Amino acid sequence: MTSGLIEGLNEMTNGLLGKKLGMTQVFDETRLTPVTVIEAGPCRVVTIKTKERDGYEAVQLSYGEVKERKLSKAELGHLKKQQAPATRVLREFEKVGDVTVGDSVTVGMFKKGDWVDVVGVSKGKGFQGVVKRHNYAGGPESHGSMFHRHPGSMGASSYPSRVWKGKTLPGHMGAERVTVQRLKVVDSRPEENLLFVRGAIPGATNGLIVVRKSKKG
């Protein structure tokens with residue numbers, strides 16, 4: 001094993017970056033399990049944050065190599081300073097154990113049976129009404145009803161003569177950060193950089209995903 005490739009034997013951080021490939025199903029001894037396939041890592045350690053210099057400890061990982069022309073001068077300068085290739089995504093994770101700039105974090109840090117939290121950006125649905133966005137029942141669908149998929153009356157009387165803040169109204173739906181906690185790792189394939197987790201995760205195919213060790217164990 002090379003010094004820059006550490007697969008779970010010496011943990012350096014509590015998570016890594018990847019992308020969602022889609023869903024499939026796997027068979028075990030007793031049942032059929034729906035799983036999401038994640039291409040996770042390898043992620044390169046770009047920067048190590050220390051309490052003395054930065055006020056906190058963290059590990060900055062990079063993921064997704066791109067052409068240099070697609071990055072700003074500031075982004076490219078930061079990566080070149082650490083002798084790292086041009087990458088699209090940089091994220092910070094908790095520092096665990098010994099770590100060195102240039103090390104590679106792989107999916108081998110997760111084993112079958114582990115529990116993970118997955119963070120992604122949900123699919124954007126655009127501007128939606130209350131029936132789709134908040135599961136309102138709506139009104140009668142018969143002719144002449146004049147009330148089908150509208151929010152309905154919700155205004156107050158003379159006080160406060162307005163609609164209270166926080167009411168469930170039509171608006172932008174989706175395209176927000178979502179965390180799904182405590183998903184079970186069904187399989188881990190470090191040689192293919194693939195991670196299989198039970199159930200669904202947020203986001204569209206090829207969307208950026210953060211996989212972390214579950215806070216709930």
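The numbers here are math on the coordinates, done by the rules we state, and not lab data. Computed from a predicted structure; not experimentally measured. So basically every Cβ, Gly included, is an ideal-geometry build from the backbone, and we count neighbours across all protein chains shown.
Can you find even one residue in segment 125-132 that is out of contact with any Gly (no Cβ under 7 Å at 6 or more places or on another chain) and β-branched (Val, Ile, Thr)? Yes, the conditions are met somewhere in segment 125-132. Against the criterion of being under 21 Å from the mean Cα position of the chain (by Cα), assigned to a strand (DSSP E or B) and surrounded by 14 or more Cβ atoms within 10 Å (Cβ to Cβ), ILE38 qualifies.
What do you reckon, is ARG88 surrounded by fewer than 11 Cβ atoms within 10 Å (Cβ to Cβ) and either free of Cβ contacts under 8 Å to residues at least 60 places away in the same chain or part of a loop (DSSP other than H, G, I, E, B) (or both)? Against the criterion (surrounded by fewer than 11 Cβ atoms within 10 Å (Cβ to Cβ) and either free of Cβ contacts under 8 Å to residues at least 60 places away in the same chain or part of a loop (DSSP other than H, G, I, E, B) (or both)), ARG88 does not qualify. Among the residues of segment 109-148, those that are within 30 Å of GLU11 (Cα to Cα), surrounded by 15 or more Cβ atoms within 10 Å (Cβ to Cβ) and not hydroxyl-bearing (Ser, Thr, Tyr) comprise MET109, PHE110, ASP114, TRP115, VAL116, ASP117, VAL118, VAL119, GLY120, VAL121. Looking at THR179, is it assigned to a strand (DSSP E or B) and either loosely packed, with under 14 Cβ neighbours inside 10 Å or of a type outside the set (D, E, K, R) (or both)? When the stated conditions are applied, THR179 passes them. Taking segment 191-206 as the range and being more than 17 Å from TRP115 (Cα to Cα) and touching a residue at least 24 places away in the same chain (Cβ under 8 Å) as the test, the residues that pass are ASN193, GLY203, ALA204, THR205, ASN206.
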